[in-house]
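Peer 1: Can you read through this structure? Questions will come right after.
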Amino acid sequence: MMTGRVEDILMGEETLFKNIAAFNPDYIPENYLHRESQMEALALCLRPALKGGKPVNSVVLGSPATGKTTAIRKIFEMVEGRSEKLVCAYVNCQLYNTRFNIFSQIYQHIFGHIPPETGVPFSRIYGEIMKKLSNEGKALVVALDDINHLFYSKNANQILYDILRAHEVFPGVRTGVFAIISDIEFRYMLDKNVSSVFIPQEVIFDPYTFPEVKDILNDRVRVGFYPSVLSEELLDEITEATLSTGDLRVGIDLLRTSGNFAEADASRNIQKEHLERAMQDFDSHHLQDTVTKLSGDEKNLLKAIIKAEEDHPTAGNLFNLLKEEGLKEGWKSSSYASFDRALKKLEFLRIIDTQFTGKGVRGNTRLIILRFDPEEIENHLG
């Protein structure tokens, strides 16, 4: 038998949510705010293809959650809704990073179903895609989201070559690439035979400001909740939390989770306590997700920070500790530049803070400060 409390949660008909889908990660808002100039730049890249020409390649740059993916999805949706001259295929390279997988996604977008996973050679899938484009006189633009994953898997040059030089085998086929890069430290190198055809326009997505974040979250509140569910004061708090992480998804997740907690309490609006519970819930899941995605060296650096005898070790002492225990810990690189990059990545992901203090022997000394409880981090490191 379910307890009365559990039954109330599952069966209660009262709801604070007008449209809970507005808080989903893949939701595309009707009002896409504060990215007008970037949308115009992307539209200019697509415009030639709508007039029978070749699309302009683009590199879309910006920190995570600055609206890059939403912008691409929004403009692709607009184009395919208005014209039959251009096929726009979006591929997430974290999920699909081989030639076969990526072209299977493009194939599915064009034909409406995925090709068989076995018994069909890549050349046949590739040929069918290009022949259909050629027969129907359509151009193709492929958005490769988080394209850095293709470089990690060493498939980037081949896949870009396959897309951009298709006209050499299938005359008249017009193709382009939107390469989306979220790792702002990432630098890509291309083979000569690819770089000669991939000459992209850069479209930069700067971090959102406080008023912009508040505007965007307020629009989700308007679409997702019934009126008077969230106060201005709590919206400001959620905006601050979002800005401190630099990730818009944090704010959207906090709205949804605090709404769920309020609803479970049969409250007619979100209270401060519901937001506090949502923040605790988010911190735990966010840390786990972030730590599991770190590279081996970044995880080892984090272990070294926890193991350091000082509460807030200096960067210099930490580097020496890693060098001394490098073989035991599995630290792969002995260069300070690699160490510094890993340190900056941990700071960028907001697992640590660094603080300059006074003058050390070789200039400013950086203190390394963990933002989370060491035991909690160790649990996620395993």
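Peer 1: Enumerate the amide H contacts of Gly176 below 5 Å, restricted to partners 5 or more residues apart or on another chain; note that Pro and chain-start residues carry no placed amide H.
Peer 2: Counting only residues 5 or more places away or on other chains, the set is Leu140, Val141, Val142.
Peer 1: On to the next question. Hey, what did the chain get for relative contact order, percent, Cα under 8 Å, at least 6 apart? Don't skip to the answer; put the middle values down first.
Peer 2: Values: 505 pairs, mean separation 66.9, N = 382.
Relative contact order for the chain comes out at 18 percent.
Peer 1: Same structure, new question: Can you find, among Ser196, Tyr336, Val91, the residue sitting farthest towards the positive end of the charge dipole of the chain, where Lys and Arg contribute +1 and Asp and Glu -1 at Cβ?
Peer 2: Ser196
Peer 1: Between Asn317 and Arg350, what's the calculated FRET efficiency when r is the beta-carbon distance and R0 is 30 Å? Round to 0.05. Write down the numbers at each step before the final one.
Peer 2: Values: r = 22 Å, r/R0 = 0.74.
My answer for the efficiency is 0.85.
Peer 1: I would also like to ask the following. What percent do you get for the relative contact order of the range 208-292 when only Cα pairs under 8 Å and 6+ apart count?
Peer 2: Numbers: 63 pairs, mean separation 22.6, N = 85.
Here the relative contact order equals 27 percent.
Peer 1: Here's a follow-up. Using Cα springs under 10 Å in a Gaussian network model of the chain, which residue among Ser195, Ser267, Ser335 shows the largest mean-square fluctuation?
Peer 2: Most flexible of the set in this elastic network: Ser335.
Peer 1: Give me the percent of DSSP beta bridges within the chain that run antiparallel, rounded to the nearest 5.
Peer 2: Values: 10 of 31 bridges.
In the chain, DSSP labels about 30 percent of beta bridges as antiparallel.
Peer 1: Could I ask something else about it? In nm, what is the difference between 0.36 nm times the number of residues separating Tyr336 and Gln288 and their Cα-Cα distance? Walk me through the numbers on the way to the answer.
Peer 2: Numbers: separation 48, 0.36 × 48 = 17.28 nm, distance 2.73 nm.
Length gained between Tyr336 and Gln288: 14.5 nm.
Peer 1: When the chain is modelled as a GNM with alpha-carbon springs shorter than 10 Å, which of Val120, Val56, Val91 fluctuates the most?
Peer 2: Highest fluctuation among the options: Val120.
Peer 1: Rg and Dmax of the range 73-164, Cα atoms, in Å?
Peer 2: Values for the range 73-164 (Cα only, Rg and Dmax): 13.0, 37 Å.
Peer 1: Right, something else. Please give, to one decimal in nm, the separation of the simple spin-label points placed at Arg165 and Lys18, each 7 Å out from Cα toward the Cβ.
Peer 2: Label-label distance for Arg165 and Lys18, simple model: 5.4 nm.
Rule-based calculations on the coordinates, nothing more; no lab input. This one's a predicted model, so the numbers in the text were calculated from it and none came from an experiment. Reconstructed Cβ throughout: ideal geometry from the backbone, glycine too, with neighbour counts over all protein chains shown.
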